[in-house]
1. Subtract the Cα-Cα distance of Asn225 and Gln162 from 0.36 nm times their separation in residues, and report this length gain in nm to one decimal.
2. Report relative contact order for the chain in percent, whole number only (criteria: Cα-Cα under 8 Å, sequence separation at least 6).
3. Kindly list the residues of the stretch 163-185 that lie in the label zone of Leu68, defined by a backbone N under 13 Å from the point 7 Å along the Cα-to-C-beta vector.
4. Of Ile146, Ala219, Gly116, which is farthest on the positive side of the dipole of the stretch 116-256, counting Cα position, with +1 on Lys and Arg Cβ, -1 on Asp and Glu Cβ, and the Cα centre as origin?
5. Let me know the charge dipole size of the stretch 156-254 about its Cα centre in debye, to the nearest 20, where only the beta-carbon of Lys, Arg (+1) and Asp, Glu (-1) is charged.
6. Kindly report, to the nearest 10 Å², the accessible surface of Glu177 as traced by a 1.4 Å probe over protein heavy atoms only.
7. Among Pro147, Pro196, Pro23, which one moves the most in a GNM of the chain with springs linking Cα atoms closer than 10 Å?
8. Enter the angle in degrees (range 0 to 90, nearest 10) between the Cα long axis of helix 246-256 and the first principal axis of the Cα atoms of the chain, meaning the one along which they spread out most.
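The values are calculated or read from the model by the stated rules, or taken from the named source; none is laboratory data. The shown structure was predicted, so the numbers you read here are calculated from the model rather than taken from an experiment. With ideal geometry, Cβ positions are generated from the backbone for all residues, glycine too; neighbour counts draw on all protein chains shown. The protein model used for the area step is the full one, side chains on, heavy atoms only, and it has no ligands, DNA or RNA in it. Shrake-Rupley method; radii C 1.70, N 1.55, O 1.52, S 1.80 Å.
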Amino acid sequence: MYTQLDIETHFDGKLKIAYLNQPETMNALTKPSLSDLKDFIKSCGEDETVRCVAISGRGRAFCSGQNLDDAFVQGNEHHDNDIIRKIVVDYYNPLVTEITRCRKPVIALVNGPAVGAGAMLALICDFVLAMDKSYFAQAFSNIGLIPDTGGTYFLPKLLGRQLANYLAFTGKKLHAEEAKSYGLVAEVFNEEEFAPKSMEILEKMANMPTAAIKLTKKAFAQSYNNTLKEQLELEADLQQEAAETEDFIEGVNAFLQKRKPDYKGK
């Protein structure tokens, strides 16, 4: 299992990091790697020990997008559109679904170029930590395709219509600091600081009240389609649900006792 990924486990199993592990292709996505990543995210969501999940890349890139040799195997020299649809439906869409509905925080550690589907793989995560030498490019238009991997859903919401159109139409590279200025990246670190600073954040996330984070993710996701009235009602319901968790009780007790809370994610 996970033959296309290199998996690291930290903090007594609370954190799991999946590294795309095809550096010779700049971690271009293949059908096996997409399936492995989907299975990895699903298993982390189901494992009560895991409190935080991260995705990164081995070598000098995060992910260069779809491996075209893998997509257009022998017999598909004419770039059959049905083949493209099948790859999107069978491999990309299930991965997007698993990442966005995962009950744990899913964080992208972007260590280099993130291009096409690789850029969207990072941007559909809950937040992005990037190395200063990395960049993001919606390169789909360069080969006559549209943004997938949730791109047409998330880019307008993250950037607004104007910038989403501009980046999707032109394929312009956004370097890490510029991407941060647009709200696509949470933090940018230089090469020396990237690993230790990212790990500090991941450790913090692995020890946060995961149950509340799960409910926050649910509330944010539903806000895209809710009216204000509906969202306020949802907040009340989810806040009550959060108040019934062990984490909430531990948080209140720790505050009253002036000590550091020991959250269990329950």
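1. Going from the current span to full extension adds 20.6 nm.
2. Relative contact order, the chain: 15 percent.
3. In the stretch 163-185, the label zone of Leu68 (backbone N under 13 Å from the point 7 Å along Cα→Cβ) covers no residue.
4. Farthest along the dipole direction, towards plus: Ile146.
5. The calculated dipole for the stretch 156-254 is roughly 740 debye.
6. Its accessible surface works out to 110 Å², give or take rounding.
7. Among Pro147, Pro196, Pro23, the largest mean-square fluctuation in the Gaussian network model of the chain belongs to Pro196.
8. The answer is roughly 50 degrees.
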